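The values are calculated or read from the model by the stated rules, or taken from the named source; none is laboratory data. The structure displayed is predicted, hence computed values, not measured ones. Reconstructed Cβ throughout: ideal geometry from the backbone, glycine too, with neighbour counts over all protein chains shown. Quick note on the areas: whole protein, heavy atoms, side chains included, nothing else; ligands and nucleic acids left out. Shrake-Rupley method; radii C 1.70, N 1.55, O 1.52, S 1.80 Å.
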There are 2 protein chains.
Amino acid sequence: MKQFAIAIHGGAGTIVRSTLSRETEMSYKKGLEETLLAGDKILSAGGTSIDAVETAVKKLEDNPLFNAGRGAVFTNDGKNELDASIMNGKNLMAGAVTGINNIKNPISLARNVMENSEHVFLSGLGAMAFAEKMKLEFAPDEYFFVQERYDQLIEAKENDQIILDHSGKPKPQFHFPGSKKGTVGAVALDVHGNLAAATSTGGMTNKKFGRVGDSPIIGAGTYANNATCAVSCTGHGEFFIRSVVAYDISCLMEYKGLSLKEACDMVVNQKLVKIGGEGGLIAIDAKGNIEMPFNSEGMYRAMRTSGGEIFTGIFKEEN
Amino acid sequence: MKQFAIAIHGGAGTIVRSTLSRETEMSYKKGLEETLLAGDKILSAGGTSIDAVETAVKKLEDNPLFNAGRGAVFTNDGKNELDASIMNGKNLMAGAVTGINNIKNPISLARNVMENSEHVFLSGLGAMAFAEKMKLEFAPDEYFFVQERYDQLIEAKENDQIILDHSGKPKPQFHFPGSKKGTVGAVALDVHGNLAAATSTGGMTNKKFGRVGDSPIIGAGTYANNATCAVSCTGHGEFFIRSVVAYDISCLMEYKGLSLKEACDMVVNQKLVKIGGEGGLIAIDAKGNIEMPFNSEGMYRAMRTSGGEIFTGIFKEEN
């Protein structure tokens with residue numbers, strides 16, 4: 001039987017066991033497992049990795065526990081601004097959107113950009129006009145609204161503080177569950193030998209100035225290439241952009257001959273740590289090897305290889 | 001004396017000698033030389049590479065001959081949408097903006113993002129609010145207006161055609177001077193051994209849907225790292241994003257041990273050509289070696305090393 005495999009993440013950051021109730025932990029793990037199985041089902045039936053990662057990310061977007069799609073955090077002016085990107089390792093085609101709202105599944109819009117436009121990256125109102133043309137599903141503000149996220153905005157505003165979801169400096173007042181994660185993603189290998197990666201985010205609470213993180217940036221937050229690997233990142237986006245993290249993993253494999261594990265270790269635990277870039281990533285190579293490194297306290301993550309054991313984890317000690 | 005060097009570009013594309021009058025050619029070469037000397041003056045006086053590339057790109061933005069700042073092309077709804085990015089090879093800090101208008105010098109806004117915000121990438125109205133806060137110089141629509149650019153929009157609309165400034169398919173009707181170039185940029189090495197890169201663009205005529213090209217993407221259109229090189233790209237942006245062109249040059253040097261020349265040749269004349277990605281780039285390494293490869297008909301370009309001979313070129317045969 002040909003190998004197939006999938007890994008997903010629901011964000012990395014200061015996720016501390018003592019602040020996460022057993023019940024909340026179980027909700028997250030349930031969300032991760034359901035997502036994993038949705039992608040896995042496509043792969044085990046001989047479907048494509050691009051379908052698997054889109055489906056998995058849609059599930060995470062639809063789950064209000066995660067900061068993407070429904071459940072996205074609020075910007076300074078009380079809006080949700082969503083970013084997403086997707087890349088197909090088979091043909092190096094890619095699609096990405098930034099600064100959109102009221103699109104139920106940003107990752108599906110990114111896929112439409114990839115497959116039904118001559119562009120890679122669309123932004124703001126223009127991206128939404130394209131979504132309308134493509135008949136993507138829209139949803140009203142209420143659909144995206146989650147009280148806890150709004151409370152976070154109010155608190156952040158009172159403190160005149162941006163919540164960088166993955167701030168390197170722990171801010172105790174924001175240690176309540178869910179405040180520190182920021183992005184979701186999936187990577188997969190299908191039985192046809194094709195890799196794919198997808199990433200989606202709701203940004204960071206109280207952000208201003210139309211800030212764009214790494215999630216919609218091909219090469220930084222997302223990259224896939226059958227010759228090397230597929231990668232989806234989560235973390236303090238500014239550092240991930242400056243380090244071109246996702247493509248760096250690929251280059252270390254292609255040009256320096258590192259294994260996926262060695263490349264992930266060098267980028268996440270050495271290069272990013274050196275510049276103070278907190279976060280993590282999920283990565284898969286053409287043989288179905290999976291790595292899920294992070295240099296933060298925790299990362300919501302799950303993986304499964306060729307119908308084998310299901311792994312779900314949140315904290316470091318679960319590795 | 002320590003080495004210093006600078007290279008600039010004013011866009012690559014289908015620039016054919018037969019369609020460019022001697023007078024127009026001279027205007028472009030004059031603009032390139034003035035720009036080069038403005039950056040060179042800073043370097044020869046012991047200034048920094050980041051000041052030199054910002055100054056050079058500002059000059060190109062101010063020159064209506066080039067599609068950046070004043071002289072930018074028009075989007076489908078008759079607006080100018082400007083993108084820019086800058087990176088400092090000394091500390092790997094970077095700044096970028098997309099989808100802005102009425103900012104006289106987008107590259108200076110990108111530099112402000114790099115130096116006066118905790119972010120790397122700002123977009124649209126948010127980026128403009130930040131510009132206001134930083135007291136950047138604004139300019140009215142009339143300042144940016146160039147009749148020829150507007151005529152191009154009217155013609156493109158009549159043909160229901162987007163003018164990809166660097167379309168791989170030559171469209172004879174758009175071969176009049178100036179229609180095919182799209183981006184400006186500069187790279188420099190200063191006497192302190194620091195590299196920097198900057199890129200700015202007015203996008204493409206009749207573009208819709210808030211399309212973002214490679215120019216504001218760190219890793220794709222712009223990259224700088226003292227350990228390897230500084231790069232500014234110009235071309236069919238979608239291909240440059242998918243190929244993470246600027247960082248690819250750096251990785252080929254750092255991980256595979258290629259020279260700047262070998263890395264540029266591999267990316268521009270082999271990898272990009274293979275996927276149909278038309279365009280070029282300028283690049284400089286830590287020793288002051290400069291490469292200005294392009295796989296299109298021409299590229300507006302100029303360079304000077306340590307006060308030596310000034311080179312300006314437009315067509316292939318001038319190399």
Within region B:267-315, the residues that are among the β-branched types (Val, Ile, Thr) and closer than 18 Å to B:Gly219 by Cα are B:Val267, B:Val268, B:Ile282, B:Ile284
Restricting attention to region B:37-64, the residues that are in contact (Cβ under 8 Å) with a residue 24 or more places away in the chain, surrounded by fewer than 22 Cβ atoms within 10 Å (Cβ to Cβ) and not β-branched (Val, Ile, Thr) number exactly 7
Condition set in contact with a Pro (Cβ under 8 Å, 6 or more places away or on another chain) and touching a residue at least 60 places away in the same chain (Cβ under 8 Å), scope region B:86-117, selection nearest to the other protein chains (Cβ to nearest Cβ): answer is B:Thr98
Over region B:269-292, the set of residues in contact with a strand residue (DSSP E or B) (Cβ under 6 Å, 6 or more places away or on another chain) and under 26 Å from B:Asn226 (Cα atoms) is B:Gly279, B:Gly280, B:Leu281, B:Ile282, B:Ala283, B:Ile284, B:Asp285, B:Gly288, B:Ile290, B:Glu291, B:Met292
Exactly one of A:Thr205, A:Thr234, A:Thr222 is within 25 Å of B:Gly124 (Cβ to Cβ), touching a Cys at 6+ places or on another chain (Cβ under 8 Å) and of a type in the set (S, T, N, Q), and that one is A:Thr222
So, first residue under 18 Å from B:Ile100 (Cβ atoms) in region A:123-135, second residue polar (S, T, N, Q) and open to solvent by less than 100 Å² (accessible area, probe 1.4 Å), Cβ within less than 8 Å, six or more apart or across chains; the pairs are A:Ser123/A:Thr98; A:Ser123/B:Thr98; A:Ser123/B:Ser123; A:Gly124/A:Thr98; A:Gly124/B:Ser123; A:Ala127/A:Thr98
Residues of region B:23-36 being open to solvent by less than 30 Å² (accessible area, probe 1.4 Å) and not β-branched (Val, Ile, Thr), in sequence order, are B:Glu25, B:Tyr28, B:Gly31, B:Leu32, B:Leu36
- Query: Yes or no: A:Ala68 open to solvent by less than 10 Å² (accessible area, probe 1.4 Å), small (Gly, Ala, Ser) and within 30 Å of A:Thr228 (Cβ to Cβ)?
  - Reply: yes
Going through region B:202-216 in order, the residues found to be within 9 Å of chain A (Cβ to nearest Cβ) and part of a strand (DSSP E or B) are B:Arg211, B:Val212
Filtering region B:184-200 for residues that are out of contact with any helix residue (DSSP H, G or I) (no Cβ under 6 Å at 6 or more places or on another chain) and either open to solvent by 10 Å² or more (accessible area, probe 1.4 Å) or outside any strand (DSSP E or B) (or both) leaves a count of 3
Selection over region A:164-205 where residues are modelled with pLDDT under 80 and in contact with a Leu (Cβ under 6 Å, 6 or more places away or on another chain) yields a count of 3
Residue hits (region A:10-36; of a type in the set (Asp, Glu) and in contact (Cβ under 8 Å) with a residue 24 or more places away in the chain) are A:Glu25, A:Glu33, A:Glu34
Hey, A:Thr55 β-branched (Val, Ile, Thr) and under 25 Å from A:Leu122 (Cα atoms) or not
yes
Exercise. Would you say B:Asn76 is over 13 Å from the mean Cα position of the chain (by Cα) and in contact (Cβ under 8 Å) with a residue 40 or more places away in the chain?
Worked result: yes
**Prompt:** If you check A:Leu258 against the conditions, is it in contact with a helix residue (DSSP H, G or I) (Cβ under 8 Å, 6 or more places away or on another chain) and more than 22 Å from A:Ala52 (Cβ to Cβ)?
**Reply:** yes
Note on region B:118-137: residues away from chain A (no Cβ under 14 Å) and within 21 Å of the chain's Cα centre (by Cα) are B:Glu137
Among residues of region B:117-163 being farther than 16 Å from B:Thr75 by Cβ and among the small types (Gly, Ala, Ser), the residue surrounded by the most Cβ atoms within 10 Å (Cβ to Cβ) is B:Ala127
Of the residues in region B:1-30, those that are farther than 19 Å from B:Ile290 by Cβ and either of a type in the set (Asp, Glu) or part of a helix (DSSP H, G or I) (or both) number 11
Of (1) closer than 24 Å to A:Gly71 by Cβ; (2) in contact (Cβ under 8 Å) with a residue 60 or more places away in the chain, A:Val120 fails just (1)
Going through region B:186-201 in order, the residues found to be of a type in the set (A, V, I, L, M, F, W, C) and either within 11 Å of another protein chain (Cβ to nearest Cβ) or within 15 Å of B:Ala84 (Cβ to Cβ) (or both) are B:Ala186, B:Val187, B:Ala196, B:Ala197, B:Ala198
